[in-house]
Amino acid sequence: MDYSKTLNLPKTEFPMRANLPEREPEILKFWEEIDLYRMVQQKNAGRPKFVLHDGPPYANGHIHLGTTLNKILKDIIVKYNSMAGNDAPYVPGWDTHGLPIEQQAIKELGLDRRAMNPVEFRQKCREFALKFVNIQREEFKRLGIGGKWEKPYLTLHPNYEAVQIGVFAEMVKRGYVYKGLKPVFWCAYCETALAEAEVEYQDKKSPAIYVKFPVKDGQGLLPEENTSIVIWTTTPWTLISNVALCLHPNYNYVLIAQEKEKYLLAEELLSSFAQVTGQQNLKKIQVFRGQELEGITCYHPFLDRESIVVLGEYVTLDTGTGCVHIAPGHGEEDYLVGLQYNLPVLSPLDDRGYFTAEAGKFSSRYYTDADQEVIAELQKGAFLIKQETIQHQYPHCWRCKKPILYRATEQWFASIDKFREALLQAIQQVRWIPGWGRDRIYNMIAHRGDWCISRQRIWGVPIPIFYCAHCGKEVINDQTISHLQNLFRQYGSDVWFAREAAELLPPDFNCPVCTAQEFTKETDIMDVWFDSGSSHLAVLEQPDTWPELHWPAELYLEGSDQHRGWFNSSLTTSVAVRNKAPYKAVLTHGFVVDENGRKMSKSLGNVVDPLKVIKQMGADILRLWVSSADYRDDMAVSPNILKQVTEAYRKIRNTARFLLSNLYDFNPSVDQVNYQELTEIDRWALVSLQRLIQKALKGYYDYEYHVVYHTIHNFCVVDLSALYLDMIKDRLYTMPAQGRERRAAQTVLYKTLHVLVRILTPILAFTTEEIWRYLPKKEGEPASVQLTDLPQVKEDYLDLELEQKWERLLNIRAEVTMVCEMARQEKLIGNSLEAEVTLYTSGELYDFLRREEINLTTIFIVSKVNLHQLKDGQDACPDNNNLLPMEKQASYLSTAKNIPGLVVAVRRTKGAKCTRCWIYNEKVGLNAEHPTLCPRCLELIKTGHFA
RNA sequence: GCGCCUGUAGCUCAAUGGUAGAGCGCUACUCUUAUAAAGUAGACGUCCUUGGUUCGAAUCCAAGCAGGCGCACCA
């Protein structure tokens, strides 16, 4: 007879193979059909708000692994909060303005922006940006990210722009904005000022020259005759704008003589100077302290101009001569020194990098071409000591990759100094995770210069300032701004480019200064960092559009590079107009690197494309990867690592599948067994489950998802797969289907899966939904697992005494399985059910085992366990005299090392295998009708009590 | 160059200053009633390096190396 028909073997439709690339889109469709995000919001209405404000990715390409990591982390946080008693809305956003989009639009659409009218050009940029918003939106959704995708925020939305110019105006009102002539990074090719963030450093070859500045007035310290201060520069063209020479106040400068000439330079650089220039026989005449020489004047070598000696701490001695030529119009530090000494700022260059008439004989030359002319000019006057070519790192435009220059132009600035203290104080009110983020942004703010807000570009939000055509005064006030805001809300910022100034001002508007009625408008637009930096007001505080949000946000979460970026610009605008940070906490993550810790780059060939991973393995694999590692550090990814993640995924999935397959006939509403009626093994499983909940919830709470991952994975592998599930198989398969014993095990399986599926939901969004569909439901349970709440620890299940006892039992079990393995190696047994185990022990341990005796075969999963008490004084050393005669032939192991006082002996059981339950029993064969059954199975079959 | 962070088994992570652990992967074995599953066992570590503090250092300190991020690469 085939007794397997009388067993309750596992059964489920839940597929073992995930086939995520095909299954996930189905689930996505389901979520859309039921409008899951809205349902989650409804479920959480009235709960405490947890607003995670989305940092807007830039809409100019497909998503990459960095944005994937960021968005998945955000989604885990939002899903966790949504299931942990909070109302956690998520409004995604995009950064849609700026130079990169302009340039890509130009390139991809073949536009000539000079030939187009600005409104038309902006339309193309908008289309380009919106195209990628749509692409990225679908890509993010595919990752399982939940949010208000149908109503995201875009920095190009009319209302957003209106709020943004309001922020700017408020800053003007508070006196934080000024127009200044200041050197900024300038790209002559792109014809615009660049933000610091838009600059990258690359190798460049430059001429390096040593130049003589003849002393005009040595102030009694330096002789004037044939005496020069020697400077070194790698940008000869900037000499045209030279107005000073800078020395370090505390360095020694030496006056040396070579033949008739005398040179002044830093003492420490004398030898390198001699070497480079090939000058020999240099005689030291006198040594000065830099600060002594302040105020000495020199002749400009080829212009009719004086150059004065000034002092600066920033002068270094690594290259050059320790004497730095100063052109305040062409360098940040030059400019600062210039301010200190009230030096003129010369910057005779136009937007395209050509010298203006102001440059005299150099006018209309391209600035780099002027290098040679300057050198020629120096040679002509014998002011050039030496020329060489050096390779150094030089700032380049991040878009066109061309070298850039420093150029003083009229720009609008935010004066950080005016509210730096407030910024620093606001930083102290924020929780920075990890803690070092605070120091990082604090130091950054403490040292940053003024914020250059202007960009000489088209695709952005205009700086909303008018100029009186009569008196030239700039005009911006509540009246003009609120009028403009209305226009922006109606027409978007395009209106600024489409209309003349008069059509942008309130009717009959007069200049507040001179009452004139004619105006021009500012042509600069704002830095895109001002766009995204205004999002906290343009999004969080717009109840008409997003009533679910509030200001300030509970959390910002971005990569650690955003300390200088979005965290910074958002803080700046927020403190400027609200005196407070826009976020209560800031969490940062590291960057994606390869398995060797190197950054991803095309040239290294180590780039992992998330879209490919989704196609090949599924989004849940990416989500599990994000959860698997500690993101506060850099996150490594490689095919090998993804493979490992996939293995873990399979284990989790298959564990869930096994639980499901044993719940096929279980109705939680009627079949659950009371705690009091559970076996000890079951209760122990529930203790383990509580430990899982504890650890996982703490991991979520602490933003440590790798702890959650490891805890869950470990639980599946050890507590369930290796222990509990293995131990209860007999009960599940062979005992009466509806009997208390089997229902007890099923009760635990059910509770376990119900916990597992929920506690995994923030991470494995798709798979948990799939599991949820198969899970036996009680009435009233929601259609999506995301509409449930996370499990809580049930204190009643935390039986500490039981837990301790089981720790001991499992240690003994480990010992037994090891001895079984030895027996197996010796081909004494195969399946552990072929083993009969004898435990030799005494004293307390014997008493302990005696009390647990009935459970031991189940725990060890063997057919028989004998307990043998050693006599007093006998120890449990592997002394054959201690063993029963039959065990002398058996495989055995002393375990004095691991479990003192215990010897485990294993032999092949004498009984025969019951063909129903596979347990070996000496009484198999006694019944003629069922000669292959053990007494237990016989009883069940005879009474028909197995269904 | 400067600042911050990181550096434990092939991988992902643990380890109040007290004999370095887990899981995965790998190898071998077992099972065939979770089966493109499941169980058991085994091997695998100069805890980045070098100094120092300490009775004792993966852990504290210093220097260095490697990687990441940021600042600056100036003249």
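The values are calculated or read from the model by the stated rules, or taken from the named source; none is laboratory data. Only a predicted model underlies this, so the values are computations on that prediction, with no experimental measurement involved. Every residue, glycine as well, gets a Cβ built from its backbone with ideal geometry; the counts of neighbours run over all protein chains shown.
Listing for the model above:
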quantity	calculated
Considering residues of region A:346-366 that are buried (at least 20 other Cβ atoms within 10 Å of the Cβ) and under 18 Å from A:LEU181 (Cβ atoms) only, the residue nearest to the chain's Cα centre (by Cα)	A:GLY353
Condition check for A:LEU663: among the hydrophobic types (A, V, I, L, M, F, W, C), touching a residue at least 40 places away in the same chain (Cβ under 8 Å) and assigned to a helix (DSSP H, G or I)	no
Among residues of region A:374-390, those that are buried (at least 19 other Cβ atoms within 10 Å of the Cβ) and charged (D, E, K, R), counted	1
Scope region A:494-506; condition within 16 Å of A:ASP478 (Cβ to Cβ) and in a loop (DSSP other than H, G, I, E, B); matching residues	A:LEU505, A:PRO506
Conditions (1) part of a loop (DSSP other than H, G, I, E, B); (2) surrounded by 18 or more Cβ atoms within 10 Å (Cβ to Cβ); (3) under 43 Å from the mean Cα position of the chain (by Cα): number failed by A:ILE829	(3)
In region A:134-151, the residues that are surrounded by fewer than 21 Cβ atoms within 10 Å (Cβ to Cβ) and either without any contact (Cβ under 8 Å) to a residue 40 or more places away in the chain or touching a strand residue (DSSP E or B) at 6+ places or on another chain (Cβ under 8 Å) (or both)	A:ASN134, A:GLU138, A:GLU150
Scope region A:236-260; condition farther than 15 Å from A:VAL287 by Cβ, assigned to a loop (DSSP other than H, G, I, E, B) and touching a strand residue (DSSP E or B) at 6+ places or on another chain (Cβ under 7 Å); matching residues	A:ASN242, A:VAL243
Leading residue by the ranking (farthest from A:LYS179 (Cα to Cα)) among those in region A:468-524 that are β-branched (Val, Ile, Thr) and surrounded by fewer than 18 Cβ atoms within 10 Å (Cβ to Cβ)	A:THR515
Breaking point among (1) more than 14 Å from RNA strand B (Cβ to nearest atom); (2) assigned to a loop (DSSP other than H, G, I, E, B); (3) more than 30 Å from A:VAL495 (Cβ to Cβ), for A:TYR556	(2)
Selection from region A:895-947 of residues that are part of a loop (DSSP other than H, G, I, E, B), among the polar types (S, T, N, Q) and more than 15 Å from RNA strand B (Cβ to nearest atom)	A:ASN927
Among the residues listed as A:ASN81, A:ASN86, the single one being buried (at least 20 other Cβ atoms within 10 Å of the Cβ) and without any contact (Cβ under 8 Å) to a residue 60 or more places away in the chain	A:ASN81
Qualifying positions in region A:820-854 - within 9 Å of RNA strand B (Cβ to nearest atom) and out of contact with any helix residue (DSSP H, G or I) (no Cβ under 7 Å at 6 or more places or on another chain)	A:GLU821, A:MET822, A:ARG824, A:GLN825, A:LYS827, A:ASN831, A:LEU833, A:GLU834
Candidate set: region A:906-931, residues that are more than 26 Å from A:TYR840 (Cβ to Cβ) and in contact (Cβ under 8 Å) with a residue 60 or more places away in the chain; chosen: the one surrounded by the most Cβ atoms within 10 Å (Cβ to Cβ)	A:ARG916
Verdict on A:GLU13 being out of contact with any Lys or Arg (no Cβ under 6 Å at 6 or more places or on another chain) and without any contact (Cβ under 8 Å) to a residue 60 or more places away in the chain	no
Neighbours by Cβ (under 7 Å, 6+ apart or cross-chain): first from region A:810-832, more than 24 Å from A:ALA912 (Cβ to Cβ); second in a helix (DSSP H, G or I) and more than 8 Å from RNA strand B (Cβ to nearest atom)	A:ARG813/A:ILE859; A:ARG813/A:PHE860
Failed item in (1) more than 24 Å from A:PHE591 (Cβ to Cβ); (2) within 15 Å of RNA strand B (Cβ to nearest atom); (3) buried (at least 17 other Cβ atoms within 10 Å of the Cβ), with A:TYR700 passing the rest	(1)
Pick from region A:733-742, criterion surrounded by fewer than 21 Cβ atoms within 10 Å (Cβ to Cβ) and part of a helix (DSSP H, G or I), ranking: nearest to RNA strand B (Cβ to nearest atom)	A:TYR733
Candidate set: region A:296-311, residues that are out of contact with any His (no Cβ under 9 Å at 6 or more places or on another chain), farther than 19 Å from A:GLU225 by Cβ and in contact (Cβ under 8 Å) with a residue 60 or more places away in the chain; chosen: the one surrounded by the fewest Cβ atoms within 10 Å (Cβ to Cβ)	A:ARG305
Any hit, region A:514-528, residues being of a type in the set (Val, Ile, Thr), away from RNA strand B (no atom under 16 Å from the Cβ), assigned to a loop (DSSP other than H, G, I, E, B) and free of Cβ contacts under 8 Å to residues at least 24 places away in the same chain	yes
Options A:TYR263, A:TYR201: the member that is aromatic (Phe, Trp, Tyr), more than 12 Å from RNA strand B (Cβ to nearest atom) and assigned to a strand (DSSP E or B)	A:TYR263
Subset tally (residues that are within 18 Å of A:ILE72 (Cα to Cα) and out of contact with any Asp or Glu (no Cβ under 9 Å at 6 or more places or on another chain)) for region A:562-610	2
Segments classed as strands (runs of 3 or more DSSP E), wholly inside region A:273-336, with at least 3 members that are within 14 Å of RNA strand B (Cβ to nearest atom)	A:306-311, A:323-326
Considering residues of region A:591-621 that are of a type in the set (Gly, Ala, Ser) and surrounded by fewer than 17 Cβ atoms within 10 Å (Cβ to Cβ) only, the residue farthest from A:GLU138 (Cα to Cα)	A:GLY597
Members of region A:585-599 found to be more than 6 Å from RNA strand B (Cβ to nearest atom) and outside any strand (DSSP E or B), listed by number	A:ASP594, A:ASN596
Which numbered condition A:GLU558 misses (of (1) within 23 Å of A:THR67 (Cα to Cα); (2) at pLDDT below 95)	(2)
Residues that are away from RNA strand B (no atom under 16 Å from the Cβ), over 16 Å from A:VAL374 (Cβ atoms) and free of Cβ contacts under 8 Å to residues at least 40 places away in the same chain, drawn from region A:337-355	A:ASN342, A:ASP350
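Matching residues to (1) closer than 23 Å to A:ALA629 by Cα; (2) touching a helix residue (DSSP H, G or I) at 6+ places or on another chain (Cβ under 8 Å); (3) touching a residue at least 60 places away in the same chain (Cβ under 8 Å):
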| residue | (1), (2), (3) |
| --- | --- |
| A:ILE693 | yes, yes, yes |
| A:GLY699 | yes, yes, no |
| A:TYR709 | yes, yes, yes |
| A:ASN714 | yes, no, no |
| A:VAL718 | yes, no, no |
| A:ASP726 | no, no, yes |
| A:THR734 | no, yes, yes |
| A:GLN738 | no, yes, yes |
| A:ALA744 | no, yes, yes |
